[in-house]
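> For reference, the structure I am asking about is given below.
The values are calculated or read from the model by the stated rules, or taken from the named source; none is laboratory data. Note that the structure is predicted; figures quoted are calculated from it, not measured. Here Cβ is always computed from backbone atoms with ideal geometry, including for glycine, and neighbour counts include all displayed protein chains.
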Amino acid sequence: MDCNLQSNYKLSKTEKKFLRKQIQARHTLLRHEGIETVSYATQSLVVANGGLGNGVSRNQLLPVLEKCGLVDALLMPPNKPYSFVRYKTAEESKKAYVTLNGKEIVDDLGQKIILYLNFVDKAQWKELGPQALPPGLIVIEEIISSEDEEMLLKSVNWTEDTDNQNFQKSLKHRRVKHFGYEFHYENNNIDKDKPLPGGLPDICDSILEKWLKEGYVKHKPDQLTINQYEPGHGIPAHIDTHSAFEDEIVSLSLGSEIVMDFKHPDGVTVPVMLPRRSLLVLTGESRYLWTHGITPRKFDTVQASEGHKSGIITSDVGDLTLSKRGIRTSFTFRKVRQTPCNCSYPLVCDSQRKESPPSFPESDKEASQLEQEYVHRVYEEIAGHFSSTRHTPWPHIVEFLKALPSGSVVADIGCGNGKYLGINKDLYMIGCDRSQNLVDICRERQFQAFVCDALTVPVRSGSCDACISVAVIHHFATAERRVAALQELVRLLRPGGKALIYVWAMEQEYKKQKSKYLRGNRISQGKKEEIISDTSMQGLLVEHMPDPGNQDSASSVPSIIDFQETGCNSRKAANSQLPVHINRTSFHSQDVLVPWHLKGNPCKDKPVEPFGPAGCHDSSPVFHRFYHVFCEGELEAACQALSNVSILQSYYDQGNWCVILQKV
């Protein structure tokens, strides 16, 4: 509907609703992306909800736009829920504005999406910088013939007796076979003392000999893992343990193409296309320093032109579209290492680090005991000191709470000292926490709070309009318990209710947004940039977070990551083999113990820094809290494991991964 025509007649209820949503979409684009719309007709339009990040491909959107005129360009930025279209004339653009505004289209998954169009003077978005493949990584296309591919796929018998030692059925979202040695996913390692009978399949011999002869691989592998992935599933970002395998790791992709994400510890992410029948070879830095993983999703952003098959997904917004995933089978070959690793990356090398290798709970009982010792007991001990560092609310969380309708019932699960319970006086908020001492502090402040475990909240199902969970889920020691905690949040919500969740991020620097947790770390510097990932949004019209403001200044809002965690006395915690994290450094393990120095130490008269004075030798008590820090995409994947939720928004906020989900 043309804005100039709106005053000529009375708007219907439906038209008023549409106009309100169109205005909200325009406001959202300006607020989060800096996209300014104009009220007069131009050749260019921004199409809200019509983007790659919203599940709309170029092949779906372009024919719809071309019905209104000759499209000069369609620009689709990666991972964004909007696109830009430029018509040959302003008249054609105006026709699209009138005709397509509010148009409902159906994506490849059968979900309905409503488009909202606004005029712009020019297309603008935050561009990705130039990227190169991680050093040591190569992709060889068409490494085998289609006949060999068919032969290899048919050779894998997924229906054989599940008691066979080469069969692994414990993985939830994919089928797996191991040959030579079993690959243990809990620590990305193998047991060198327990080889599997039979070695590698004979069918692989001729292929491996050819690769050796042609120089694609230097070591003949003695370990093979075959994975079969259903569309929509992936693998968490990880590095294969240094001490377990030689430098070279190679993976053959069969059946379907996939985009694999490679991440440097400083936060740089490089998406790499692995075509069908291609070979990925990891050596050197790409093998030892960069994590690699596959983000769980139904579609990948790929090059639209036929000329780009493998390698980096470029930022050419005029040549990007979506590719629907199919069933993919990977053959990953490794050579078991017989001597300690002496790579050039000692900080992330388990052979060269002095601490013992991490130990992980092997059962729910062990996980519960770990949490009791390194979470519950610690918070009871440090409650008063912890509370004294928790006084400034986070802007994004405040915005979420203030956007809720007056009278909403809101539960803060893991409320700590209750700093969010009094943010919006128009809400009825209740809090709960595992720590009796923290709940007592809430009550002293006249807040409604009670003691309970986040896995079993004694509140009636469907009774809450919203929930928040800030820095809680990462304290659970297994993936199953983390998903159970998310499910408990959803249980509390009424249909349509929303939950906001924050967890610590493995990536403490992400696309130039540097966590204040790394302040003082001079390895990498970058300017502030807010990153919002809307890959699972059904639309832009949801509660969004405000801009973070001047978070690079010394007076800015503190990070959720604790102020009082210092590097002082960061020794191995008693009775645990989990690594103790070193303050102000990037995380090198997802499961760590983080030291907390109790107030009243000999360093207190020295100049105070946000994370405690460096180099201080402290004789006061040091407590260690267990954390599972989340890799990019891991929180979304955990939420997608729930059957009755929709992810409205996911984003990175100063060293934390954050999700807003809705119960459906």
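> Give segment 247-278 a look and list any residue that's part of a strand (DSSP E or B), in contact with a helix residue (DSSP H, G or I) (Cβ under 9 Å, 6 or more places away or on another chain) and not aliphatic (A, V, I, L, M), or say none.
Answer for segment 247-278, where residues must be part of a strand (DSSP E or B), in contact with a helix residue (DSSP H, G or I) (Cβ under 9 Å, 6 or more places away or on another chain) and not aliphatic (A, V, I, L, M): ASP247, GLU248, PHE262.
> Also, I was wondering about something else. Is it true that ILE468 is under 23 Å from the mean Cα position of the chain (by Cα), closer than 20 Å to ALA505 by Cα and not in a helix (DSSP H, G or I)? Please lay out each step first, then the result.
Numbers: under 23 Å from the mean Cα position of the chain (by Cα): yes; closer than 20 Å to ALA505 by Cα: yes; not in a helix (DSSP H, G or I): yes.
It is true that ILE468 is under 23 Å from the mean Cα position of the chain (by Cα), closer than 20 Å to ALA505 by Cα and not in a helix (DSSP H, G or I).
> Looking at ASP412, is it crowded, with 20+ Cβ neighbours inside 10 Å and acidic (Asp, Glu)? Step through it out loud before you land on a result.
On the way: crowded, with 20+ Cβ neighbours inside 10 Å: yes; acidic (Asp, Glu): yes.
So ASP412 fits the description; yes.
> Among the numbered criteria (1) closer than 28 Å to ALA641 by Cβ; (2) in a strand (DSSP E or B), which single criterion is violated by VAL281?
(1)
Results for (1) under 14 Å from LEU492 (Cβ atoms); (2) aliphatic (A, V, I, L, M); (3) touching a Lys or Arg at 6+ places or on another chain (Cβ under 8 Å); (4) touching a residue at least 60 places away in the same chain (Cβ under 8 Å), shown as yes or no for each residue.
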{"position": "PHE386", "(1), (2), (3), (4)": "no, no, no, yes"}
{"position": "THR389", "(1), (2), (3), (4)": "no, no, no, yes"}
{"position": "VAL410", "(1), (2), (3), (4)": "yes, yes, no, no"}
{"position": "CYS415", "(1), (2), (3), (4)": "yes, no, no, no"}
{"position": "LYS425", "(1), (2), (3), (4)": "no, no, no, no"}
{"position": "CYS432", "(1), (2), (3), (4)": "yes, no, no, no"}
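> What are the residues in segment 318-344 that are in a loop (DSSP other than H, G, I, E, B) and out of contact with any Leu (no Cβ under 6 Å at 6 or more places or on another chain), if any?
Once the filter is applied, which keeps residues that are in a loop (DSSP other than H, G, I, E, B) and out of contact with any Leu (no Cβ under 6 Å at 6 or more places or on another chain), segment 318-344 yields ASP319, ARG325, GLY326, ILE327, ARG337, GLN338, THR339, PRO340, CYS341, ASN342, CYS343, SER344.
> Within segment 477-513, take every residue that is more than 21 Å from CYS452 (Cβ to Cβ) and assigned to a loop (DSSP other than H, G, I, E, B) and give me the one that is farthest from the chain's Cα centre (by Cα).
Our first condition is that a residue be more than 21 Å from CYS452 (Cβ to Cβ); within segment 477-513, this holds for 479, 495-496, 498, 504-513.
With assigned to a loop (DSSP other than H, G, I, E, B) added as a condition, the list becomes 506-508, 511-512.
On the way: MET506: 9, GLU507: 9, GLN508: 12, LYS511: 13, LYS512: 16 Å.
In this case the residue turns out to be LYS512.
> Let me ask you something else. Within segment 214-239, count every residue that is assigned to a loop (DSSP other than H, G, I, E, B), within 23 Å of ALA637 (Cα to Cα) and out of contact with any His (no Cβ under 9 Å at 6 or more places or on another chain). Before the answer, list the steps.
Here is the first cut: in segment 214-239, the ones assigned to a loop (DSSP other than H, G, I, E, B) are 215-222, 230-234, 239.
Next, from what is left, pick out any that are within 23 Å of ALA637 (Cα to Cα): 230-234, 239.
Remaining after also requiring out of contact with any His (no Cβ under 9 Å at 6 or more places or on another chain): 231.
Final tally of qualifying residues: 1.
> A follow-up question, please. Scan segment 377-388 for residues that are buried (at least 17 other Cβ atoms within 10 Å of the Cβ) and not hydrophobic (A, V, I, L, M, F, W, C) and jot them down. Steps first, answer last, please.
Let us first name the residues in segment 377-388 that are buried (at least 17 other Cβ atoms within 10 Å of the Cβ), namely 378-379, 382-383, 386-387.
Passing the criteria: TYR379, SER387.
> Additional query: From LYS154, LYS122, which residue is of a type in the set (D, E, K, R) and in contact (Cβ under 8 Å) with a residue 40 or more places away in the chain? Spell out the reasoning first.
Values: LYS154 fails: in contact (Cβ under 8 Å) with a residue 40 or more places away in the chain.
Every option except LYS122 fails the conditions.
> Provide a single number: the residues in segment 41-76 that are touching a Gly at 6+ places or on another chain (Cβ under 7 Å) and in a loop (DSSP other than H, G, I, E, B).
Counting residues in segment 41-76 that are touching a Gly at 6+ places or on another chain (Cβ under 7 Å) and in a loop (DSSP other than H, G, I, E, B) gives 3.
> Looking at LYS220, is it basic (Lys, Arg) and closer than 15 Å to LYS335 by Cα?
Considered against the rule, which asks whether it is basic (Lys, Arg) and closer than 15 Å to LYS335 by Cα, LYS220 comes out as yes.
> Since ALA471 meets every condition but one in (1) within 26 Å of ASP364 (Cβ to Cβ); (2) of a type in the set (Gly, Ala, Ser); (3) surrounded by 21 or more Cβ atoms within 10 Å (Cβ to Cβ), which condition does it not meet?
(3)
> Here's something else I'd like to know. Output the residue which, of all residues in segment 165-184 that are out of contact with any Leu (no Cβ under 7 Å at 6 or more places or on another chain) and part of a loop (DSSP other than H, G, I, E, B), is modelled with the highest pLDDT. Steps first, please.
Here is the first cut: in segment 165-184, the residues out of contact with any Leu (no Cβ under 7 Å at 6 or more places or on another chain) are 167-177, 183-184.
Add one more test, that the residue is part of a loop (DSSP other than H, G, I, E, B), and what stays is 169-173, 183.
Numbers: LYS169: 48, SER170: 47, LEU171: 56, LYS172: 57, HIS173: 63, PHE183: 85.
Step by step, filter segment 165-184, then rank; the result is PHE183.
> Output yes when any residue across segment 134-141 is within 30 Å of LYS218 (Cα to Cα), of a type in the set (A, V, I, L, M, F, W, C), in contact with a helix residue (DSSP H, G or I) (Cβ under 8 Å, 6 or more places away or on another chain) and part of a loop (DSSP other than H, G, I, E, B), and no when none is.
Of segment 134-141, the ones within 30 Å of LYS218 (Cα to Cα) are 134-141.
Narrowing the set further to residues that are of a type in the set (A, V, I, L, M, F, W, C) leaves 137-140.
Right, trim to in contact with a helix residue (DSSP H, G or I) (Cβ under 8 Å, 6 or more places away or on another chain) and you get 137.
Then drop every residue that is not part of a loop (DSSP other than H, G, I, E, B), which leaves none.
Scanning segment 134-141 turns up no residue that is within 30 Å of LYS218 (Cα to Cα), of a type in the set (A, V, I, L, M, F, W, C), in contact with a helix residue (DSSP H, G or I) (Cβ under 8 Å, 6 or more places away or on another chain) and part of a loop (DSSP other than H, G, I, E, B).
> Report yes if LEU100 is in contact with a Cys (Cβ under 7 Å, 6 or more places away or on another chain), surrounded by 19 or more Cβ atoms within 10 Å (Cβ to Cβ), within 19 Å of GLN24 (Cβ to Cβ) and outside the structural domain of VAL317 (by TED's automatic domain parsing), otherwise no.
Numbers: in contact with a Cys (Cβ under 7 Å, 6 or more places away or on another chain): yes; surrounded by 19 or more Cβ atoms within 10 Å (Cβ to Cβ): yes; within 19 Å of GLN24 (Cβ to Cβ): yes; outside the structural domain of VAL317 (by TED's automatic domain parsing): yes.
Answer is yes for this residue.
> Here are some residues: ASN59, ASN49. Which one is closer than 22 Å to ALA304 by Cα, surrounded by fewer than 19 Cβ atoms within 10 Å (Cβ to Cβ) and either among the polar types (S, T, N, Q) or at pLDDT 90 or above (or both)?
Values: ASN49 fails: surrounded by fewer than 19 Cβ atoms within 10 Å (Cβ to Cβ).
None of the other options fit; the residue is ASN59.
> Please tell me if THR162 is at pLDDT 85 or above and among the β-branched types (Val, Ile, Thr).
Working: at pLDDT 85 or above: no; among the β-branched types (Val, Ile, Thr): yes.
In short, no.
> Let me ask you something else. Please go through segment 208-223 and give me each residue that is out of contact with any helix residue (DSSP H, G or I) (no Cβ under 7 Å at 6 or more places or on another chain) and either at negative phi or among the basic types (Lys, Arg) (or both), ordered by number. Step through it out loud before you land on a result.
Going residue by residue through segment 208-223, those that are out of contact with any helix residue (DSSP H, G or I) (no Cβ under 7 Å at 6 or more places or on another chain) are 208-216, 218-219, 222-223.
Scanning segment 208-223 gives LEU208, GLU209, LYS210, TRP211, LEU212, LYS213, GLU214, TYR216, LYS218, HIS219, ASP222, GLN223.
> Against the condition touching a helix residue (DSSP H, G or I) at 6+ places or on another chain (Cβ under 8 Å) and surrounded by fewer than 21 Cβ atoms within 10 Å (Cβ to Cβ), how does GLU480 come out, does it pass? First the steps, then the outcome.
Values: touching a helix residue (DSSP H, G or I) at 6+ places or on another chain (Cβ under 8 Å): yes; surrounded by fewer than 21 Cβ atoms within 10 Å (Cβ to Cβ): yes.
Yes; evaluated as a whole, the condition is true for this residue.
> Here's another thing I want to ask about it. Among (1) modelled with pLDDT of 95 or more; (2) within 26 Å of ALA383 (Cα to Cα); (3) buried (at least 23 other Cβ atoms within 10 Å of the Cβ), there is one condition VAL457 misses while meeting the rest; what is its number?
Exception for VAL457: condition (3).
> With the structure loaded, tell me whether VAL409 is out of contact with any Ser or Thr (no Cβ under 8 Å at 6 or more places or on another chain), in the same structural domain as VAL659 (by TED's automatic domain parsing) and either closer than 30 Å to GLN24 by Cα or among the polar types (S, T, N, Q) (or both) or whether it fails that test.
On the way: out of contact with any Ser or Thr (no Cβ under 8 Å at 6 or more places or on another chain): no; in the same structural domain as VAL659 (by TED's automatic domain parsing): yes; either closer than 30 Å to GLN24 by Cα or among the polar types (S, T, N, Q) (or both): yes.
Judged against the criteria, VAL409 is not a match.
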